[in-house]
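Written below as structure tokens is the structure these notes are about.
The values are calculated or read from the model by the stated rules, or taken from the named source; none is laboratory data. This one's a predicted model, so the numbers in the text were calculated from it and none came from an experiment. Cβ placement follows ideal geometry from the backbone for every residue including glycine, while neighbour counts extend to all protein chains displayed. Ligands, DNA and RNA are stripped out before the accessible areas are found, and what is left, the full protein with its side chains, is counted by its heavy atoms. Shrake-Rupley method; radii C 1.70, N 1.55, O 1.52, S 1.80 Å.
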Amino acid sequence: MLLCALCACSGNDDVAQDMQQPVISDQGITANPIDCQQYRRGDIIPFHYLMTDDQELGAYNIEIHNNFDHHSHSTSAVECPMDEKKVPVNPWVFNQDYSIPAGQRIFDARIDIQIPSDIDTGDYHFMVRLTDRAGWQQLHAVAVKIVE
């Protein structure tokens, strides 16, 4: 009987379970990048989004890859004009993880990303994956174009 009482008391009923995805937002800021923006090779993409969670944020990842085959990630209803399909020769691939300080429920994410000067120009996807401490994830993908 004592064993059952100990087991019943071992759960932490005071801590609310996190059941909500974090949010990648442009509320109250000038978000960047947004769909259909163009950047020049060798320039910087000044990434800026507001990240929030009801309990605690975890980390985020930024991935940039070519969209020369016109595939979709379907997080935006915006349709940008696209170049003709092409075979990549020297496409840009960027994939970087970023930590968020512990205990944060709101984080103003800003990163300057250098665009290589020798990559293929054309259509690219800029994707942000935000994960909260509980493991819930939100994806935000925009279409951008790299020009000469």
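Counting only residues that are closer than 21 Å to SER76 by Cα and of a type in the set (Asp, Glu), region 95-148 holds 1 of them. Among all residues of region 76-93, there is at least one that is among the hydrophobic types (A, V, I, L, M, F, W, C) and buried (at least 16 other Cβ atoms within 10 Å of the Cβ).
The residue that is nearest to LEU57 (Cα to Cα), among those in region 122-142 that are buried (at least 18 other Cβ atoms within 10 Å of the Cβ) and over 13 Å from the mean Cα position of the chain (by Cα), is TYR124. The set of residues from region 94-121 being open to solvent by 60 Å² or more (accessible area, probe 1.4 Å) and in a strand (DSSP E or B) comprises ASN95, GLN96, ASP97, SER99, ILE106, ASP108, ARG110, ASP112, GLN114. Taken over region 48-91, the residue count meeting the criterion of being within 17 Å of the chain's Cα centre (by Cα), within 18 Å of ILE146 (Cβ to Cβ) and of a type in the set (A, V, I, L, M, F, W, C) is 2. All conditions but one from (1) touching a residue at least 60 places away in the same chain (Cβ under 8 Å); (2) surrounded by 16 or more Cβ atoms within 10 Å (Cβ to Cβ) apply to ASN66; the one that does not is (1). Has region 60-71 got any residue that is at pLDDT 95 or above and out of contact with any strand residue (DSSP E or B) (no Cβ under 9 Å at 6 or more places or on another chain)? Yes, region 60-71 contains at least one residue that is at pLDDT 95 or above and out of contact with any strand residue (DSSP E or B) (no Cβ under 9 Å at 6 or more places or on another chain).
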